[in-house]
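Where a number appears in this text, it was derived from the coordinates with a stated rule and is not lab data. As the structure is a computational prediction, the values presented were derived from the model and not from experiment. All Cβ positions, even for glycine, are placed from backbone atoms using ideal geometry, and neighbour counts span all protein chains on display.
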Amino acid sequence: MTATQQAPAPRGTARDEEPAVRVRGLVKRYGGRAVVDGIDLEVRRGEVFALLGPNGAGKTTTVEILEGVRRRDAGEVTVLGEDPATGGRRWRDRIGVVGQTTGAGNALTVRETLDHYTHYHAAPVPTGELLADVGLTEAASRRVDKLSGGQRRRLEVALGVQGRPELLFLDEPTTGMDPVARRQFWTLVEGLRTRGTTVLLTTHYLDEAAHLADRVGVITAGRLVEVGPPADLGGDLRREVTVRWTEGDAPREVVTSAPGALLRDLLAADPFGEVPDLSVTRPGLEDVYLRLVATPERETR
Amino acid sequence: MTATTAPRTTTAPGTTARPALPSAAAIGRSRIGLELRLFARDSGQVVFSFAYPVIMLVIFGSVFGGEEVLPGVDFRQYFLAGIAATGVMLTSFQAVGTAITEERERGDLARLQTLGTPPLAYGIGKAGQVLVTTVAQLAVLLGVAALAYDVPLPTEPGRWLTFAWVVVLGILAGTVMGIAVTSFIGSARAAGTGIPAFAVVLQFLSGVFFIDSDLPAWMDQIAAVFPLKWMVQGMRSVFLPDSAAAMEAAGTWEHGRTALVLVAWVIIGAVVCARTFRWRRGE
């Protein structure tokens, strides 16, 4: 790629320019059906990237391939400079995965669980520091099976970042959380970003992606249909404005990218310059998202 | 050139010159501690592992009382050998096989995979836990046999040496086979019924519940393929007088062949583990 062939920038090195994740033409099939159907993706170092899409869109499969726990059928994948399919222990120590279980049973306390896993890493974060980071200091001596759902997720995040990963994977981190726990969780992720950890998260919550991510990739039916900062998602779709008014007794609605011209005509048509029930609305992020995932065959920008 | 020598300025902590990773042996050591702690906190497993052989001994002792199998050898003494061997199989093969399928189903193993846990470290943890729990279980069993039933325990060091190698080889064979069998069993449910059922059938075939010489020849031949029969035979050589060797099919204790069969199973089991072990199902 051209990025790696450029002359070294004044600050930083070629290694810094290299994205944390680079995916080209990724395909994964189950029983002949492509659940991941040609995804191209780049996650830059230091950014929080959200893969946003409905359930069954291929988010988890994609992430599991990047984590090196699932094989791919086609495509090139580089994660922190290595192919996940052949990544060794040193590579795995540089990535963090937030799992759905601690992997050490539920009979341990929070502190015991964290202490145990310090033995797996090259440079583990001290347990006391980790407990404070995720807000579990008070619950340190509580058994894992006595934790609330939100506390469990925070313990799993603690385990994910214990090895000081350069890249952290969060797969559907807030599914099933209540709104308060979600907000706390978001604060936790923001803290990770501040410390420079690259984060790749999957979510089917639009507000989560919009709140946390520097860039969002919308994935549907195994394809990435849109990539960009949350505010820019669905560029063309967002420029389309819906103008509604009442004409006679019938409600009228026109979708246009030139609302000014339409309004001028409407006003000119009425002798008093009044248009009953006139409203002009731009599509919200949610409207854009719903339209994006509803038309998977739409060409990527 | 500058690209490779210039320091990296990534802000993620710990990215510059990570220290060496802990060895598989070091992770294995901490896994032994973890496994033992989890075992101790699972009261059902503790009770089953420690009480089952003792209950078997109590039942055999009550049913057959002080009847003699051989001159000077009563049923309790005779069956102590079979019960001790069974105990080793239960705490190794059965406990490991059922535990791993459960851990895999819960996603615990998938978690360990993402941490880059060496499979060897995982195996060391299991084997270490099995060793400690088996030794404790045998101590309880032999204690009850000696104190409550006056079963004479051997005094010669040579017999305890035999006891030691039979137990250690039995543990290793049982552990690697317990790990290996999980590659071929789908769900934890299937393992929870299939493994104990197999273990019970093997106990019947291997002469745990009967006087070995009463068994039909075909049963003996099937049993001879598996380690349990040899462990029982090895245990008989520990707990019965040498005169009892005449009752064995071969007329001797066959220590050499016992060691050979057990070592062969350790090797076969280890090879199957190394080739088929998977952290998750279906990948």
What FRET efficiency comes out for B:S23 versus B:W218 if R0 is 60 angstrom and r is the Cβ-Cβ distance? Round to the nearest 0.05. 0.80
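Counting only other chains, what is the mean number of Cβ atoms within 10 angstrom of the Cβ of each residue in peptide A:100-110? Could you put the intermediate results ahead of the total?
Values: counts 4, 7, 3, 12, 9, 10, 3, 6, 4, 0, 0.
Average neighbour count from other chains, rounded to a whole number: 5.
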For peptide B:99-111, compute the average count of partner chain beta-carbon atoms within 10 Å of each residue's beta-carbon. 3
Footprinting proxy, B:R280, B:R37, A:R45: sorted fewest to most Cβ within 10 Å, the residues are B:R280, B:R37, A:R45
Residues of segment B:66-96 with the amide nitrogen closer than 20 Å to a label point 7 Å from the Cα of B:D150, along Cα-to-Cβ, please. B:66-81
Dipole of the protein assembly as shown [Lys/Arg +1, Asp/Glu -1 at C-beta], most positive-end residue of B:S213, B:T155, A:A294: B:T155
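Taking only C-alpha pairs under 8 Å that are 6+ residues apart, what is the relative contact order of chain B in percent? Before the final figure, lay out each step's value.
Numbers: 326 pairs, mean separation 73.8, N = 283.
It rounds to 26 percent for chain B.
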Under a point spin-label approximation (7 Å from Cα along Cα-to-Cβ), what is the B:A51-A:S279 distance to one decimal in nm? 6.9 nm
Given H placed on each backbone N at 1.01 Å, which residues far from A:T220 in sequence or on other chains put an amide H within less than 5 Å of it? A:V225
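Which whole-number percentage describes the relative contact order of segment B:142-283, with Cα contacts under 8 Å and a sequence gap of 6 or more?
Values: 109 pairs, mean separation 52.1, N = 142.
Value for segment B:142-283: 37 percent.
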Shielding by partners for A:88-97, please: the mean number of other protein chain Cβ atoms within 10 Å of each residue's Cβ. 4
Could you check what % of the DSSP bridge pairs in chain A are antiparallel, to the nearest 5? 60 percent
Could you tell me which chymotrypsin sites (Phe, Trp or Tyr not before Pro) in segment A:209-301 are loop residues by DSSP with no more than 15 other beta carbons within 10 angstrom of their beta carbon? A:F272
Mean separation of Cα contacts under 8 Å (at least 6 apart) over the residue count of chain A, i.e. the relative contact order in percent, is 20 percent
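Please give the FRET efficiency for A:E138 paired with A:R239, using the beta carbon to beta carbon distance and R0 = 45 Å, rounded to the nearest 0.05. Kindly include the intermediate steps, with their values, before the conclusion.
Numbers: r = 50 Å, r/R0 = 1.10.
The value I calculate is 0.35.
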How far apart, in nanometres, would the label points at A:D83 and A:S257 be if each is projected 7 angstrom from Cα along the Cα-to-Cβ direction? 4.2 nm
GNM on chain B, Cα springs under 10 Å; top mean-square fluctuation among B:M231, B:M177, B:M219 goes to B:M219
Applying a 10 Å radius around every beta-carbon, put B:158-167, A:215-224 in order of their mean neighbour count, most first. A:215-224, B:158-167
Would you look at the GNM of chain B, springs on alpha carbons closer than 10 Å, and say which of B:I222, B:I100, B:I83 moves the most? B:I222
